[in-house]
């Protein structure tokens with residue numbers, strides 16, 4: 001063909017161009033779609049981690065605390081059941097040493113007048129601190145002091161010096177179970193002739209010379225009085241002329257070493273007794289008392 005003539009296309013050439021154009025168009029669409037999908041993939045990023053705020057922390061702490069409380073309650077109930085059930089069984093099958101008695105109290109008096117509370121004892125001076133073992137009652141002849149202690153001794157304190165005046169029992173001493181043999185002097189008074197009168201919880205009533213320490217038994221706890229034992233002789237007082245001595249026996253059943261059982265049982269087997277120093281007779285003045293303790297004229 002000449003230089004100015006338009007090129008002629010054969011049918012085969014035209015078909016190839018159309019197919020190429022279609023392929024290019026399809027390829028462009030595919031590339032465009034792939035790019036859109038890639039952009040979509042880039043847009044769908046993984047979820048960001050949750051930021052822990054104070055509210056979230058409080059909620060988590062509350063859930064943890066609730067779980068801990070449940071575990072604690074379950075553990076506590078399990079331990080309580082494991083302890084209470086055997087104890088309950090023991091209480092059923094074991095013999096109880098006491099026979100509790102019904103008791104009721106009247107309304108206490110108003111704390112007025114001479115009963116009005118005060119703090120005078122807070123101003124007291126402590127003497128012989130850590131040098132005396134459980135001193136109970138105390139009496140004096142002039143400046144000389146006398147007291148009974150938990151190790152079974154009657155002590156004399158003169159010019160600041162402590163010495164043993166007498167013993168009503170014998171060793172061993174040191175424990176509550178030793179008391180029945182060791183002795184436990186409780187109430188102590190000075191008679192009109194300046195002799196000591198002492199009651200021991202296990203041995204009875206005695207007169208003691210304050211100089212020599214000689215002991216004279218007056219009432220033995222081994223001898224029943226009106227059919228009942230003197231199991232817990234506690235305190236005493238006496239008339240001004242010294243003829244009559246009044247003393248308490250807190251229980252005819254329980255000894256001093258068993259006082260917790262005495263308190264729990266609350267029996268009315270205590271008594272107030274009288275000893276006549278002239279006739280040597282002992283008689284019961286009052287009975288049916290619950291744990292009579294101190295006595296004073």
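The values are calculated or read from the model by the stated rules, or taken from the named source; none is laboratory data. Values in this document were obtained by computation on a predicted structure and should not be read as measured data. With ideal geometry, Cβ positions are generated from the backbone for all residues, glycine too; neighbour counts draw on all protein chains shown.
Against the definition (at pLDDT below 90 and exposed (fewer than 10 other Cβ atoms within 10 Å of the Cβ)), how does residue 92 come out, yes or no? Steps first, please.
Details: at pLDDT below 90: yes; exposed (fewer than 10 other Cβ atoms within 10 Å of the Cβ): yes.
When the stated conditions are applied, residue 92 passes them.
State all residues of the stretch 160-178 that are over 13 Å from residue 210 (Cα atoms) and modelled with pLDDT of 95 or more; if no residue qualifies, say none.
At the first step, the residues of the stretch 160-178 found to be over 13 Å from residue 210 (Cα atoms) are 160-162, 168-178.
Across the stretch 160-178, the qualifying residues are 161, 162.
What number of residues within the stretch 241-264 satisfy the criterion of being under 34 Å from the mean Cα position of the chain (by Cα) and more than 18 Å from residue 201 (Cβ to Cβ)?
Going through the stretch 241-264 one residue at a time, the tally reaches 1.
Has the stretch 99-109 got any residue that is part of a loop (DSSP other than H, G, I, E, B), surrounded by 10 or more Cβ atoms within 10 Å (Cβ to Cβ) and at positive phi?
There is no residue in the stretch 99-109 that is part of a loop (DSSP other than H, G, I, E, B), surrounded by 10 or more Cβ atoms within 10 Å (Cβ to Cβ) and at positive phi.
Sort out for me the strands (runs of 3 or more DSSP E) sitting completely within the stretch 205-297 that have 2 or more residues that are at pLDDT below 95 and over 16 Å from residue 195 (Cβ atoms).
Values: elements: 215-220, 233-238, 244-249, 270-276, 282-289.
Result: empty, no element qualifies.
Restricting attention to the stretch 122-141, which residues are over 21 Å from residue 296 (Cα atoms) and either within 29 Å of the chain's Cα centre (by Cα) or free of Cβ contacts under 8 Å to residues at least 12 places away in the same chain (or both)? Quick ask: steps written out before the conclusion?
So the first thing to find is which residues in the stretch 122-141 are over 21 Å from residue 296 (Cα atoms), and the list is 122-134.
122, 123, 124, 125, 126, 127, 129, 130, 131, 132, 133, 134 - these are the residues of the stretch 122-141 that are over 21 Å from residue 296 (Cα atoms) and either within 29 Å of the chain's Cα centre (by Cα) or free of Cβ contacts under 8 Å to residues at least 12 places away in the same chain (or both).
Go through the stretch 268-278 and give me each residue that's under 17 Å from residue 204 (Cβ atoms) and surrounded by fewer than 17 Cβ atoms within 10 Å (Cβ to Cβ). Give the derivation first.
In the first step, residues of the stretch 268-278 are kept if they are under 17 Å from residue 204 (Cβ atoms); the result is 270-277.
Across the stretch 268-278, the qualifying residues are 272, 274, 276.
Among the residues of the stretch 123-181, what is the count of those that are part of a helix (DSSP H, G or I), loosely packed, with under 13 Cβ neighbours inside 10 Å and out of contact with any helix residue (DSSP H, G or I) (no Cβ under 7 Å at 6 or more places or on another chain)? Show your work before the answer.
Step one: of the stretch 123-181, the residues part of a helix (DSSP H, G or I) are 123, 176-181.
Next, from what is left, pick out any that are loosely packed, with under 13 Cβ neighbours inside 10 Å: 123, 177.
Right, trim to out of contact with any helix residue (DSSP H, G or I) (no Cβ under 7 Å at 6 or more places or on another chain) and you get 123.
Of the residues in the stretch 123-181, 1 are part of a helix (DSSP H, G or I), loosely packed, with under 13 Cβ neighbours inside 10 Å and out of contact with any helix residue (DSSP H, G or I) (no Cβ under 7 Å at 6 or more places or on another chain).
In the list 218, 186, 230, which residue meets the criterion of being closer than 22 Å to residue 286 by Cβ and surrounded by fewer than 19 Cβ atoms within 10 Å (Cβ to Cβ)?
Working: 186 fails: surrounded by fewer than 19 Cβ atoms within 10 Å (Cβ to Cβ); 230 fails: surrounded by fewer than 19 Cβ atoms within 10 Å (Cβ to Cβ).
Checking each option against the conditions leaves just 218.
Hey, can you tell me all the residues within the stretch 217-246 that are over 16 Å from residue 187 (Cα atoms) and touching a strand residue (DSSP E or B) at 6+ places or on another chain (Cβ under 9 Å)?
From the stretch 217-246, those over 16 Å from residue 187 (Cα atoms) are 222-229, 240-241, 243; that's our starting set.
222, 223, 225, 226, 228, 229, 243 - these are the residues of the stretch 217-246 that are over 16 Å from residue 187 (Cα atoms) and touching a strand residue (DSSP E or B) at 6+ places or on another chain (Cβ under 9 Å).
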